[in-house]
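Student: Once you've had a glance at the structure underneath, I'll fire off some questions.
The values are calculated or read from the model by the stated rules, or taken from the named source; none is laboratory data. For clarity, every value in this text was computed on a predicted model and none was experimentally measured. Neighbour counts are summed over all protein chains in view; Cβ atoms, including those assigned to glycine, are modelled from backbone coordinates with ideal geometry.
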Amino acid sequence: MRRPAIALAVILAVAACRRPAASRRASASVAAEPSYELRMGKSVFQHYCQTCHGESGAGDGFNAFNLDPKPRDLSDPAFQKSKRDADLEDAVRRGGNGVGLSPLMPPWGHTLSDQQVAEVVLYLRGLRR
């Protein structure tokens, strides 16, 4: 008679220590929630950059086929590794021509605030393949 009671007590103790699956999923989604700055960077990227650089930054946007040279693949690990945040910010602010690259990339320095430029760079860093 005593063994079933002990077994039941052990089962209840183990069950009490475990989080329900829904709770585990909720805490995982909170941890995976992107920061406000990252969400804002994505929004700016989608509005100003995605048309040429593409949704994933691979240089395959809607307008890319019209451009020569083609837009840079911003998700390329070698490119990401070779550029500092300051280099990317400078390119966004001054445009391609301002940093010795394609004149087809417009300068956004008069359109975007310093905060928006920093948020776009933060988003770009997350585009790595």
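Student: Take the residues of the range 98-122 that are in contact (Cβ under 8 Å) with a residue 60 or more places away in the chain and within 11 Å of residue 48 (Cβ to Cβ): which is surrounded by the most Cβ atoms within 10 Å (Cβ to Cβ)?
Tutor: Per the criteria, the residue is 120.
Student: What number goes with the only condition from (1) in a loop (DSSP other than H, G, I, E, B); (2) modelled with pLDDT of 95 or more; (3) surrounded by 13 or more Cβ atoms within 10 Å (Cβ to Cβ) that residue 90 does not pass?
Tutor: The number of the failed condition is (1).
Student: What tally of residues in the range 39-75 results from selecting those that are over 14 Å from the mean Cα position of the chain (by Cα) and either in a loop (DSSP other than H, G, I, E, B) or not assigned by TED's automatic domain parsing to the domain that holds residue 107 (or both)?
Tutor: Within the range 39-75, residues that are over 14 Å from the mean Cα position of the chain (by Cα) and either in a loop (DSSP other than H, G, I, E, B) or not assigned by TED's automatic domain parsing to the domain that holds residue 107 (or both) number 12.
Student: I would also like to ask the following. Residue by residue through the range 55-87, note down the ones that are small (Gly, Ala, Ser) and surrounded by fewer than 11 Cβ atoms within 10 Å (Cβ to Cβ).
Tutor: Of the residues in the range 55-87, the ones small (Gly, Ala, Ser) are 56-59, 61, 64, 75, 78, 82, 86.
Those that are small (Gly, Ala, Ser) and surrounded by fewer than 11 Cβ atoms within 10 Å (Cβ to Cβ): 78, 82, 86.
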